[in-house]
Amino acid sequence: MKTLVTKRLILRDLRYSDLEDFYNYCKKPNIGPSAGWKPHQSIEDSMKILRMMITENEVWAITLKETDKVIGTIGLHVRNFDNAISNQKEVGYVLDDIYWGQGLMVEAVEEVLRYAFLDLELDKVLCGHSLANIQSKRVVEKSNFSYTHNEFRDHFDGSQIEIRMYELTKAFYLGGRTT
Ligand SMILES: CC(C)(COP(=O)(O)OP(=O)(O)OC[C@H]1O[C@@H](n2cnc3c(N)ncnc32)[C@H](O)[C@@H]1OP(=O)(O)O)[C@@H](O)C(=O)NCCC(=O)NCCS
């Protein structure tokens, strides 16, 4: 994946050597469930997920510029047939709770959107969060997405969870850009 740089972050390929950083936040009970996945039960769990992410090559490691420490991930995903034929992808993200509340994810999303529209030339980027996930709602709002609809998705515990879905079109993005 192309390395992307922001003021405080470097978004780069995940590596097997990131395993410890990755496990350290993926095991926390307050992170995965907000994004629909079960907290990792062991470092072996994290190794399997990390291997899958490296193979699929859709996700950047979010690293601190100063230390190269992995503090989260952000990805652009093709979730369904519609995405594939409509030149659109869905952005998904997770951040270690130690770093919440500093505007880091908005910074990462801004750069991924720039890449999505200007480099990949996507027509639309989608984003969704569960109804209870006010923190992600704020990231979506600050990133200028527009609400489209609610839909139900599988949660890791077997239940269905209601998701608020949003979109940002290339036309709106380019129209709203000041630089
Ligand atoms: C959603 C998430 C990525 C936000 O990242 P972030 O870099 O903290 O985002 P911001 O700094 O812009 O903060 C977003 C909001 O959360 C609030 N917030 C920060 N820390 C918080 C905390 N510990 N508890 C509750 N709210 C908090 C902030 O005040 C902010 O709201 P504001 O803009 O009205 O002030 C992060 O909370 C996260 O990874 N959560 C778990 C996984 C997840 O939900 N992923 C998204 C799935 S859709």
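The values are calculated or read from the model by the stated rules, or taken from the named source; none is laboratory data. Quick caveat: nothing in here was measured; it's all calculated off a predicted structure. All Cβ positions, even for glycine, are placed from backbone atoms using ideal geometry, and neighbour counts span all protein chains on display. Keep in mind that these areas ignore ligands, DNA and RNA; they rest on the heavy atoms of the full protein, side chains included. Shrake-Rupley method; radii C 1.70, N 1.55, O 1.52, S 1.80 Å.
Some observations on this one:
- When residues of the range 155-173 are limited to those that are within 14 Å of the ligand (Cβ to nearest atom) and more than 20 Å from Ala84 (Cα to Cα), the one most open to solvent (accessible area, probe 1.4 Å): Phe156
- Selection status of Lys48, in a loop (DSSP other than H, G, I, E, B) and surrounded by fewer than 17 Cβ atoms within 10 Å (Cβ to Cβ): no
- Hits in the range 131-153 (condition: among the aromatic types (Phe, Trp, Tyr) and free of Cβ contacts under 8 Å to residues at least 12 places away in the same chain): Phe152
- Pairing residues of the range 86-98 that are closer than 13 Å to Lys170 by Cα with residues that are away from the ligand (no atom under 15 Å from the Cβ) and open to solvent by 30 Å² or more (accessible area, probe 1.4 Å), at Cβ distances under 7 Å and at least 6 apart in sequence or on separate chains, gives Ser86/Asp123; Ser86/Lys124; Asn87/Asp123; Gln88/Asp123; Gln88/Lys124; Lys89/Val78.
- Residues of the range 107-136 that turn out to be outside any strand (DSSP E or B), within 6 Å of the ligand (Cβ to nearest atom) and either surrounded by 16 or more Cβ atoms within 10 Å (Cβ to Cβ) or charged (D, E, K, R) (or both), as a count: 2
- Screening the range 4-13 for residues that are within 15 Å of the chain's Cα centre (by Cα) and under 22 Å from Gln102 (Cβ atoms) and picking the one that is most open to solvent (accessible area, probe 1.4 Å) gives Ile10.
- Among the conditions (1) more than 8 Å from the ligand (Cβ to nearest atom); (2) part of a loop (DSSP other than H, G, I, E, B); (3) more than 20 Å from Val59 (Cβ to Cβ), Phe152 misses just one, which is (2).
- Selection count where residues are under 16 Å from the mean Cα position of the chain (by Cα), among the β-branched types (Val, Ile, Thr) and outside any strand (DSSP E or B), scope the range 56-106: 2
- Residues of the range 155-174 satisfying the condition of being part of a strand (DSSP E or B), out of contact with any Cys (no Cβ under 8 Å at 6 or more places or on another chain) and hydroxyl-bearing (Ser, Thr, Tyr): Thr169
- Entry remark, the range 81-106: residues being of a type in the set (Val, Ile, Thr) and open to solvent by 70 Å² or more (accessible area, probe 1.4 Å) number 2 in total.
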